[in-house]
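The structure under discussion appears below in the form of structure tokens.
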Amino acid sequence: MLHNTLADALSAIKNAEKASKKTCTVGHVSNLLVDILGIMKDGGYIKDFEIKDTIRGKFASVALSGTLNDCKAIVPRFFIKKTEYVSWEKRFLPASDIGMLIVSTSNGVKSNKEIKGKIGGSLVAYVY
């Protein structure tokens, strides 16, 4: 039974990475998950991903790179101001330049490295 599809997808990716698998299949793909996978690909945490349409719905096939340590959805989705990124990085990330926060802004889903304190938004996930 699914309650949070984003959290289920990120935990499936993390579990496949810990089991040293090369690929992972994630069901119940949403537009938010596609944006997050794109950010993870740009950050080098996954190699590539492919969205497949089947009769049962959309599935994502994710090629893992072996560099992912942890990724989780942030629940509840805290709203942060543009001046509060450093304090939230200290809360969720292990060190200052390791990993990234994924934020849903009015300009789309972006990482905290792309935003650089220009706009606030809602915390969605973190990856390192």
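Brief remarks follow.
- Residue that is modelled with the highest pLDDT, among those in the stretch 37-61 that are of a type in the set (Lys, Arg) and part of a strand (DSSP E or B): LYS47
- Sole exception among (1) out of contact with any Leu (no Cβ under 7 Å at 6 or more places or on another chain); (2) within 23 Å of HIS3 (Cα to Cα) for ALA60, by number: (1)
- Within the stretch 7-22, residues that are at pLDDT 95 or above sit with their Cβ atoms under 7 Å from residues that are acidic (Asp, Glu), at 6+ positions apart or across chains, in these pairs: LYS14/ASP70.
- Selection within the stretch 62-96 - free of Cβ contacts under 8 Å to residues at least 60 places away in the same chain and assigned to a strand (DSSP E or B): VAL62, ALA63, LEU64, PHE79, ILE80
- Checked against the criterion of being at pLDDT below 95 and among the aliphatic types (A, V, I, L, M), the candidates VAL29, VAL34 yield just one match: VAL29.
- Meets criteria (within 17 Å of ALA125 (Cα to Cα), part of a loop (DSSP other than H, G, I, E, B) and not basic (Lys, Arg)) for VAL29: yes
- Selected residue (criterion: nearest to ASP70 (Cα to Cα)) from residues of the stretch 103-128 that are at pLDDT 90 or above and loosely packed, with under 14 Cβ neighbours inside 10 Å: GLY108
- Residues (among the β-branched types (Val, Ile, Thr), more than 22 Å from GLY27 (Cα to Cα) and surrounded by 13 or more Cβ atoms within 10 Å (Cβ to Cβ)) located in the stretch 56-102: ILE80
The values are calculated or read from the model by the stated rules, or taken from the named source; none is laboratory data. Owing to the predicted nature of the structure, the values given are computational and were not obtained by experimental measurement. Cβ sites come from the backbone with ideal geometry, for glycine too, and all protein chains shown count toward neighbours.
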